[in-house]
Amino acid sequence: MNRIAVTIILLSCSNVFMTFAWYGHLKNLSHRPWIIAALVSWGIALFEYLLQVPANRIGHRILTVGQLKILQEAITLMVFVPFSIMYMKEKVTLDFLWAGLCLMGAVFFIFRSRFAGM
């Protein structure tokens, strides 16, 4: 499997953990003290880092830091939208579409020099 595919898979998996670490406590631990939510989130975030750090190391062999960051942000939106709709039960708005289009523009601009010569 090529490095970009491995990077995308690892970043996608790490993003699932990150999303639950950052936002899952809003649904499941809202009745508990914030320190409990923070400790649970840190525990979940450990698994996120165990995937994210290798993903960035593998990806940085062939991508710039800017490309890695924009790739991460695009993956974040692809994970966050289903999470917010299916898990948090929030309504879909056109803002998700506009945010997605802005990120697609960012992906285009950060990667266009990579594919210009193809």
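The values are calculated or read from the model by the stated rules, or taken from the named source; none is laboratory data. Quick caveat, the model's predicted, so the values are computed rather than measured. With ideal geometry, Cβ positions are generated from the backbone for all residues, glycine too; neighbour counts draw on all protein chains shown.
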Would you check if Phe111 is among the aromatic types (Phe, Trp, Tyr), in contact with a Leu (Cβ under 9 Å, 6 or more places away or on another chain), in contact (Cβ under 8 Å) with a residue 12 or more places away in the chain and in a helix (DSSP H, G or I)? yes
Taking Ser41, is it surrounded by 13 or more Cβ atoms within 10 Å (Cβ to Cβ) and among the hydroxyl-bearing types (Ser, Thr, Tyr)? yes
Please pick out the residue among Ala74, Ala106 that is surrounded by 13 or more Cβ atoms within 10 Å (Cβ to Cβ), at pLDDT below 90, closer than 23 Å to Cys13 by Cα and not β-branched (Val, Ile, Thr). Ala106
Tell me yes or no: at least one residue of the stretch 59-67 is of a type in the set (D, E, K, R) and free of Cβ contacts under 8 Å to residues at least 24 places away in the same chain. no
If a residue has to be among the aliphatic types (A, V, I, L, M) and outside any helix (DSSP H, G or I) to count, how many in the stretch 1-54 make the cut? 2
Within the stretch 55-88, residues being within 11 Å of Ile4 (Cα to Cα), part of a helix (DSSP H, G or I) and either of a type in the set (Val, Ile, Thr) or touching a His at 6+ places or on another chain (Cβ under 6 Å) (or both) number 1
Among (1) without any contact (Cβ under 8 Å) to a residue 40 or more places away in the chain; (2) within 30 Å of Leu97 (Cα to Cα), the one test that Ser14 misses: (1)
Of the conditions (1) surrounded by 15 or more Cβ atoms within 10 Å (Cβ to Cβ); (2) out of contact with any Cys (no Cβ under 6 Å at 6 or more places or on another chain); (3) closer than 20 Å to Phe17 by Cβ, Lys69 clears all except one; give me its number. (1)
